[in-house]
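What follows is a single structure, written as structure tokens, with notes after it.
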Amino acid sequence: MHLHILGICGTFMGGLARLAQAAGHRVTGCDAAVYPPMSEQLRLAGIDLIEGYGADQLALNPDRFVIGNVVTRGSPLMEAILDCGAPFISGPQWLHQNLLAGRDVLAVAGTHGKTTTASMLAWVLQHAGRAPGFLIGGVPLDFGASAQLGNDPVFVIEADEYDTAFFDKRSKFVHYFPRVAVLNNLEFDHADIFADLAAIETQFHHLVRCIRASGRLIVNGADSALQRVVQRGCWTATDWFDDPAGWHAGDIEEGASHEFDVRQGARVHGRLKLALPGRHNRSNALAAIVAATHAGVAPAEAILALQAFGGVRRRLEVAGVAGGVTVYDDFAHHPTAIATTLEGLRKRASARLLAVLEPRSNTMRLGSMQQALVESLRLADRVFCYAPRQGRHALAWDAGQALREVSAIVVEDLSLLAAQVAQAARPGDQVVVMSNGGFGGMPRRILDELNRRERPAGAGQAA
């Protein structure tokens, strides 16, 4: 079957493309901007990419157009598809019908930590000798790809609450019907499609309704919103984590190293030394261990696997070191995620911490979390913010005014921003770049500026 995927460079749709190709389908695709890292993965896989949504792509005559949620009415190609009655389907629905049928689906949902927890879970299964399938909204460093078809019945999926498509406003995750579902946490997000937290809780309850009675629900017991979701009705046995009566971390040591006991009530299953800092990563690890037990992996074996877990690309990933300054690339784009990222770095070392932020998500651009953002940035010693006034990533609020409490330097030009960060940085500093987009290659820009600062003028030129 020939599939032409609209919005193919998104993390979900790009992973879907790789899976479809591995399953024997011919895959092509298009996007408004063909951008890395997904474009690199797709081209290496031999998948033809077209930039833009031109109506002339109708001539490809695929068996099915697969529509990503980035596609809106008014797109020339989408209008042509509708006009001629060509067959189309959403990405999540195609995945459910063609690749998840007959698989033992383990889904990871939540406002934060989905990518890391799903990556941990897939790695635990792989380490245990399984060959799981997975579709994750990031690139686990232990696999080097965001998706794998696998030959084991188990399939791990990052279960996103964002809507499915312009013609299906349900959350993506209601299509997956998992046997095991992790609910990591729940906060208000996606202000462009949800009116309030209660609206998101309703979607999470729809997910709970989709889990079979013989399955398992794994829930963060410290999260009041998730408690409300479960109280609305639950038909599945439930394990609680971050709960003293359930699964929790004990005897925590957090500094240069991060260690804790993995406990289930009073029982200690083992001690985990985790390379990733922060209490959020303790929660992620606990959730992955509990989920793995329901796929047949003993807690002690899961702990051993996580000792060797390499992390996820752009989840506090070291982009490089220049002039004694360490530059991190991080996906944090919600105030809570920003705060936990900075908290984790602060506990790891006493060095100065410079935060470089692009408020790019729809929620952040709309400005509904301005005060929460201010509070999340207080752990940083210096704050830099990219705030374009024009273009599709322009902010609907005044970042300079909103972030004055943390003395943020607000810049509209990417090159100028990188130069100012490099100028402010001192040897020993930690610079963390936070965005859910490409951010114009900001980590690399900063490293280049730091290297340029280290080189004397005229160095390397012929005498």
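Brief remarks follow.
- The alpha-carbon of Lys347 sits under 21 angstrom from the alpha-carbons of these lysines, leaving out residues fewer than 8 places away in its chain: Lys273.
- Put simply, the convex hull of the Cα atoms in segment 246-308 casts, on average, a shadow of 3.8 nm².
- Computed from backbone phi with θ = phi - 60° and the Karplus coefficients 6.51, -1.76 and 1.60, the 3J(HN,Hα) list for segment 276-285 is 8, x, x, 5, 5, 6, 4, 4, 4, 5 Hz; x is used for glycine and proline.
- Charge dipole (Cα centre; +1 on Lys/Arg Cβ, -1 on Asp/Glu Cβ; no other charges) of segment 228-385 amounts to roughly 320 debye.
- For segment 121-251, size of Cβ-based charge dipole, Lys and Arg +1, Asp and Glu -1, in debye: 660 debye
- Legend: translational diffusion of segment 229-356 by Stokes-Einstein, Rh = Kirkwood radius over C-alpha pairs, 4 °C, 1.567 mPa s; D = 80 µm²/s.
- Stokes-Einstein D for segment 319-378, Kirkwood Rh over Cα pairs, 37 °C, 0.692 mPa s (µm²/s): 262 µm²/s
- Applying D = kT/(6 pi eta Rh) to the chain, where Rh is the Kirkwood radius over alpha-carbon pairs, T corresponds to 25 °C and eta to 0.890 mPa s, the Stokes-Einstein value obtained is 106 µm²/s.
- Candidate aspartates and glutamates - alpha carbon under 20 Å from Lys172, same-chain residues fewer than 8 apart omitted: Asp31, Asp104, Glu158, Asp160, Glu161, Asp163, Glu187, Asp189, Asp192, Asp196, Glu201
- The helix-based estimate of mean residue ellipticity at 222 nm for the chain, built from -39,500 (n - 2.57) per DSSP H run of four or more residues and divided by its residue count, is -9000 deg cm²/dmol to the nearest 500.
- From the alpha carbon centroid of segment 77-124 to that of segment 246-289 is 30 Å.
- Kirkwood radius, segment 62-192, all distinct C-alpha pairs, inverse of mean reciprocal distance: 15.8 Å.
- Across segment 138-242, Cα pairs under 8 Å and at least six residues apart give a relative contact order of 23 percent.
Rule-based calculations on the coordinates, nothing more; no lab input. Please read all numbers here as calculations on a predicted model, not as lab measurements. A quick note on method: Cβ atoms are made from the backbone with ideal geometry, for glycine too, and the neighbour counts reach across all protein chains shown.
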